[in-house]
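Participant: Would you mind keeping the following structure in view while I ask a few things?
The values are calculated or read from the model by the stated rules, or taken from the named source; none is laboratory data. Note that the coordinates shown come from a computational prediction; the quantities given were computed from them, not determined experimentally. Please note: Cβ atoms are built from the backbone with ideal geometry, for glycine as well, and neighbour counts cover all protein chains shown.
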Amino acid sequence: MTDVILETHNLTKAFKGFTAVNNVNLRVTRGHIHALIGPNGAGKTTCFNLLTKFLTPSSGDILFNGKNITACQPAEIARQGVIRSFQISAVFPHLTVLENVRVGLQRKLGTSFYFWQSAETLNQLNERAMGLLEEVDLTSFAHTLTLDLPYGRKRALEIATTLAMDPELMLLDEPTQGMGHEDVHRVTELIRKVSVGRTILMVEHNMSVIAGICDKISVLQRGAVLAEGSYQEVSRNPQVMEAYMGTSATALEGAHA
């Protein structure tokens, strides 16, 4: 039997008559990278907001490790191990890279707002913080002000800060958005690297990224699941070709080229 870490049952969100998410049934397998894709307005971000309880579902259920978390508050969901990158990775531009990761580690210890603690007390977190920076290839930037980091490296820092919360399930929202080719490749390889022993659910528009690292893809259209499967399966689905890329198979295949 497949080990499902996250699943939704008929998850629905309506806003004054407009249904943004419509009876979505997701099954995310433990240890997999699962992508949520679809055209603009398909409901991907709304779905993420429901999973992390930034929005309350109109109906339906969310289960994490078999436990119904639909009524849980965002902080409670995070404590259970469901971490969305931007929730705790609002990087502080005037802190160093190391200090940003250390803040993430403080949150897990429950000391995030102990700003009066001495530097010596916080230094006990340095070893773990440096380990996380090594995991995302940022050790050489440890003492760089975050303000001075290149954009792609800032996204790597966000992932490191997310890892500081020791997530069981990472939700990554458009991790390569706005990047040049070199940064896209670096962050894609980083996601592949940090996925070992973890589960990742991601929203991503770059089909090359999707094709290269994702085990399963769920395609949303008008708030509902249109298709699911591997990249090879969904890229050959005529409904997906029409909904996601416009008209033809060559468009979707071209996005991967």
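To keep it simple, each residue is scored yes or no on (1) closer than 17 Å to residue 171 by Cα; (2) assigned to a helix (DSSP H, G or I); (3) modelled with pLDDT of 95 or more.
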| position | (1), (2), (3) |
| --- | --- |
| 63 | yes, no, yes |
| 78 | yes, yes, no |
| 86 | yes, yes, no |
| 94 | no, no, no |
| 104 | yes, yes, no |
| 111 | no, no, no |
| 115 | no, no, no |
| 122 | no, yes, no |
| 127 | no, yes, no |
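Participant: Moving on. Within the bounds of region 139-153, is there any residue that is over 19 Å from residue 94 (Cβ atoms) and at pLDDT 90 or above? Please lay out each step first, then the result.
Facilitator: Step one: filter region 139-153 for residues over 19 Å from residue 94 (Cβ atoms), giving 139-140, 152.
Filter again for at pLDDT 90 or above, leaving 139-140.
Yes, that holds for at least one residue.
Participant: Taking residue 75 as meeting all but one of (1) among the aliphatic types (A, V, I, L, M); (2) in contact (Cβ under 8 Å) with a residue 24 or more places away in the chain; (3) over 24 Å from residue 227 (Cα atoms), write down the number of the exception.
Facilitator: Failing condition for residue 75: (2).
Participant: A follow-up question, please. Take residue 159 and decide whether it is out of contact with any Asp or Glu (no Cβ under 6 Å at 6 or more places or on another chain), in the same structural domain as residue 237 (by TED's automatic domain parsing) and among the β-branched types (Val, Ile, Thr). Steps first, answer last, please.
Facilitator: Details: out of contact with any Asp or Glu (no Cβ under 6 Å at 6 or more places or on another chain): yes; in the same structural domain as residue 237 (by TED's automatic domain parsing): no; among the β-branched types (Val, Ile, Thr): yes.
For residue 159, the condition - out of contact with any Asp or Glu (no Cβ under 6 Å at 6 or more places or on another chain), in the same structural domain as residue 237 (by TED's automatic domain parsing) and among the β-branched types (Val, Ile, Thr) - is not met.
Participant: Another question, if that's okay. Every residue in region 209-246 that is part of a strand (DSSP E or B), more than 17 Å from the chain's Cα centre (by Cα) and buried (at least 18 other Cβ atoms within 10 Å of the Cβ), please. Full working, then the answer.
Facilitator: First pass over region 209-246, keeping only residues part of a strand (DSSP E or B): 216-221, 224-229.
Checking which are more than 17 Å from the chain's Cα centre (by Cα) leaves us with 221, 224-229.
If the condition is that a residue be part of a strand (DSSP E or B), more than 17 Å from the chain's Cα centre (by Cα) and buried (at least 18 other Cβ atoms within 10 Å of the Cβ), then 221, 225, 226, 227 are the ones that fit.
Participant: Okay, next question. Name the residues in region 9-18 that are on the phi < 0 side of the Ramachandran plot and modelled with pLDDT of 95 or more, would you? First the steps, then the outcome.
Facilitator: Quick first cut of region 9-18, residues on the phi < 0 side of the Ramachandran plot only: 9, 11-15, 18.
Of everything in region 9-18, those that are on the phi < 0 side of the Ramachandran plot and modelled with pLDDT of 95 or more turn out to be 9, 11, 12, 13, 14.
Participant: Filter region 1-26 for residues that are surrounded by 14 or more Cβ atoms within 10 Å (Cβ to Cβ), among the polar types (S, T, N, Q) and in a loop (DSSP other than H, G, I, E, B) and give the result. Outline the logic, then answer.
Facilitator: Within region 1-26, the first condition is being surrounded by 14 or more Cβ atoms within 10 Å (Cβ to Cβ), and the residues that meet it are 4-9, 11-14, 19-26.
Subset that is among the polar types (S, T, N, Q): 8, 12, 19, 22-23, 25.
Within region 1-26, 25 is the sole residue that qualifies.
Participant: Does at least one position in region 41-51 carry a residue that is assigned to a strand (DSSP E or B) and either crowded, with 21+ Cβ neighbours inside 10 Å or hydrophobic (A, V, I, L, M, F, W, C) (or both)?
Facilitator: Going through region 41-51, the residues assigned to a strand (DSSP E or B) turn out to be none.
For region 41-51, residues assigned to a strand (DSSP E or B) and either crowded, with 21+ Cβ neighbours inside 10 Å or hydrophobic (A, V, I, L, M, F, W, C) (or both): absent.
Participant: Taking region 141-179 only, how many residues are outside any helix (DSSP H, G or I) and either basic (Lys, Arg) or over 23 Å from residue 44 (Cα atoms) (or both)? Steps first, answer last, please.
Facilitator: Narrowing region 141-179 to residues outside any helix (DSSP H, G or I): 142-145, 149-150, 164-179.
Next, from what is left, pick out any that are either basic (Lys, Arg) or over 23 Å from residue 44 (Cα atoms) (or both): 142-145, 149-150, 164-166.
Adding up the residues that qualify gives 9.
Participant: Of all residues being surrounded by fewer than 22 Cβ atoms within 10 Å (Cβ to Cβ) and of a type in the set (A, V, I, L, M) in region 166-189, which is farthest from residue 28 (Cα to Cα)? Just the residue, please. Walk me through it before giving the result.
Facilitator: Taking region 166-189 first, the residues surrounded by fewer than 22 Cβ atoms within 10 Å (Cβ to Cβ) are 166-168, 173-174, 177-186, 188-189.
The next check asks that each one be of a type in the set (A, V, I, L, M); those that pass are 179, 184.
Values: 179: 27, 184: 24 Å.
So the residue we want is 179.
Participant: Taking only region 190-208 into account, find how many residues are crowded, with 21+ Cβ neighbours inside 10 Å and under 20 Å from residue 4 (Cβ atoms).
Facilitator: The number of residues fulfilling the criteria is 4.
Participant: Only residues that are among the hydrophobic types (A, V, I, L, M, F, W, C) and under 15 Å from the mean Cα position of the chain (by Cα): list them for region 28-45, please.
Facilitator: Of all residues in region 28-45, those among the hydrophobic types (A, V, I, L, M, F, W, C) come to 28, 33, 35-37, 42.
Answer for region 28-45, where residues must be among the hydrophobic types (A, V, I, L, M, F, W, C) and under 15 Å from the mean Cα position of the chain (by Cα): 28, 33, 35, 36, 37.
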